[in-house]
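Reading through the structure tokens given below for one structure.
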Amino acid sequence: MIEDTPEEWRVTASETPFTGKKTGIRTDQVVMPDGSTAARDYQTHPGSVAVVALDDEGRVLVLKQYRHPVRQRLWEIPAGLLDVPGENPLSAAQRELYEEAHLKAEDWRVLADVYTTPGGSDEAVRIFLARGVSAVEGERFEVSDEEADMEITRVAPADLVRAVLAGDLHNNCLVVGVLALQAALAGDGLDALRPAEAPWPARPFTP
């Protein structure tokens with residue numbers, strides 16, 4: 001059995017030189033195994049959710065959105081931040097699927113839990129699988145900024161996997177999500193995935 005294990009090295013001092021609307025920067029003075037102390041800078045992050053939404057034809061919903069830090073329009077899956085500490089990630093995922101794609105889903109499972117950049121951020125992401133997808137009744141959620149310019153389409157998982165391996169797709173949630181989906185399909189099947197309310201130690205929540 002191979003698995004990550006909790007561990008916390010002693011911190012002698014901590015400061016937050018920057019705090020933004022949702023994220024911040026923290027500097028911890030961390031005691032190393034040899035007794036020395038080293039500064040570790042990292043981004044503090046509330047956590048995120050993402051959704052691999054499968055339609056009845058087995059295609060994945062993807063969105064193309066401009067991402068300013070990398071100066072590219074990236075194909076992604078619906079995703080967003082946890083709005084409040086302790087928020088149920090399933091509720092957040094359902095909200096993001098509605099807001100970004102005006103969709104709902106009947107069946108939800110956990111595909112994967114990841115730390116996006118554990119050497120420089122404490123961001124944790126839970127990636128869900130959503131099946132039984134259908135349109136939400138009523139008017140669409142009003143989007144703004146980068147989301148107002150999104151392109152939406154549906155793509156077969158095999159085509160997404162080929163694009164990932166060819167180096168044509170780069171969004172981490174999409175890459176992890178479609179590869180996990182392909183692995184599940186080739187393994188024990190989608191019904192063997194963890195339930196949507198499975199514990200998430202990185203971002204504890206109340207089911």
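Taking a ≥ b ≥ c as the square roots of the eigenvalues of the Cα gyration tensor, an a/c ratio of 1.5 or more together with a/b larger than b/c marks the stretch 36-87 as prolate.
Rounded to the nearest 5, what % of the DSSP beta bridges within the stretch 51-207 are antiparallel ones?
Of all bridge pairs located within the stretch 51-207, approximately 90 percent are antiparallel.
With R₀ set to 41 Å, the beta-carbon distance separating residue 159 from residue 12 gives a calculated FRET efficiency near 0.20. Using the average count of surrounding beta-carbon atoms within 10 Å as a protection proxy, the listed peptides 38-50, 180-192 rank, highest first, as 38-50, 180-192. Taking the average, over residues, of other Cβ atoms within 10 Å as the packing measure, peptides 113-125, 9-21 rank 113-125, 9-21 from highest down. Note down the relative contact order for the chain as a percent, whole number, built from C-alpha pairs under 8 angstrom at least six residues apart. Averaging sequence separation for qualifying contacts and normalising by length gives 22 percent for the chain.
Sorted largest first, the spans of the alpha carbon positions of the chain along the three principal axes are 57, 43, 39 Å. Panel order for 161, 70, by other beta carbons found within 10 Å of each beta carbon, from fewest to most: 70, 161. Taking a ≥ b ≥ c as the square roots of the Cα gyration tensor eigenvalues, the stretch 159-207 comes out oblate, since a/c reaches at least 1.5 and a/b does not exceed b/c. Close amide H partners of residue 194, meaning residues 5 or more places away or on another chain with modelled amide H under 5 Å apart, are 110.
Dividing the summed helix terms, -39500 (n - 2.57) for each DSSP H run of n ≥ 4, by the number of residues in the chain produces a 222 nm estimate of -5500 deg cm²/dmol to the nearest 500. The Cα atoms of the stretch 1-102 give a gyration tensor whose axes a ≥ b ≥ c have a/c of 1.5 or more with a/b greater than b/c, which makes the shape prolate. Subtracting the Cα-Cα distance of residue 136 and residue 3 from their residue separation scaled by 0.36 nm leaves 44.0 nm. Axis of helix 89-101 versus longest Cα principal axis of the chain: the two differ by about 50°, to the nearest ten degrees.
Read-outs: derived from the displayed coordinates by stated rules, not from any lab. Everything quoted here is computed from the prediction, not taken from an experiment. Cβ atoms come from the backbone with ideal geometry, glycine included; neighbour counts cover every protein chain shown.
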